[in-house]
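The values are calculated or read from the model by the stated rules, or taken from the named source; none is laboratory data. Being a predicted model, the structure only gives us computed values, none of them experimental. Neighbour counts are summed over all protein chains in view; Cβ atoms, including those assigned to glycine, are modelled from backbone coordinates with ideal geometry. Just the protein is used for accessible areas: all its heavy atoms, side chains included, with ligands, DNA and RNA removed. Shrake-Rupley method; radii C 1.70, N 1.55, O 1.52, S 1.80 Å.
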Amino acid sequence: MPGRHRGAPAGRSWDSQLTPVGVRAAVSIAQALRAQIPDGAGMELFSSDLRRTPRTAEEVAELFGVKPILDRGLREKSYGEAGGKPQEWLDRRFVPPPAVGERMDHDEGVEGAETKAAWAQRIYAATDEILQNPCEHQIIVTHGGSLTFVVASWIKMPIESAGYASFRAPSGGITTLREDDFFHNRQVVRLGDTHHLALAQAG
């Protein structure tokens, strides 16, 4: 389903398609989200524009009767010239960040790769823009690595502190974030829940 596009350039990112297993997972994700959001409730759908995420967003959009908004800012980290190459190629060149010191602007040793700072800044900007919309339910379809900065932005973690943050979740997982109406505290209700995938496999 076509959607509106927005967002700043995110560098060159490797753009792979969903596998058949991924497509089945997308259907399960959509069904699980449909069960969580009441009929008639306000809902918006945002997605990274890399092919595997809009494919998942299409399944969600069909059940909710909405069009996804595709946002380049929600893309996964760009690894520059490592895109499309075997993992061992990246592993031989990758320079991990130091335990202490500069982690956000650290050079990982791969030509053209985004720094963690640039990656975080665009995810924060995309998330902040989404949250400006006064909609009761918002669904963001993004990537495993980028999820860390969506959550960090949501809980208002200062971006300079995000160098040590890691909110990892399995592929196909659903992370639920909620702000209460009284204190306006922001809660990570569930991180990377995959119960819906197990139910689909059992069926």
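Structure summary
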{"item": "Residue within segment 110-118 that is over 14 Å from ALA162 (Cα atoms), touching a Leu at 6+ places or on another chain (Cβ under 9 Å) and in a loop (DSSP other than H, G, I, E, B) present", "result": "yes"}
{"item": "Lone qualifier among GLU81, GLU111, GLU136 - being touching a residue at least 60 places away in the same chain (Cβ under 8 Å), among the charged types (D, E, K, R) and surrounded by fewer than 16 Cβ atoms within 10 Å (Cβ to Cβ)", "result": "GLU136"}
{"item": "Any chance ALA26 is over 26 Å from ALA120 (Cβ atoms) and in a helix (DSSP H, G or I)", "result": "yes"}
{"item": "Checklist (1) modelled with pLDDT of 95 or more; (2) open to solvent by 50 Å² or more (accessible area, probe 1.4 Å); (3) aliphatic (A, V, I, L, M) applied to VAL141, failing item", "result": "(2)"}
{"item": "Some residue of segment 121-138 being assigned to a strand (DSSP E or B) and closer than 26 Å to GLY22 by Cα", "result": "yes"}
{"item": "Qualifying residue in segment 42-54 (condition: open to solvent by less than 40 Å² (accessible area, probe 1.4 Å) and over 18 Å from SER146 (Cα atoms))", "result": "yes"}
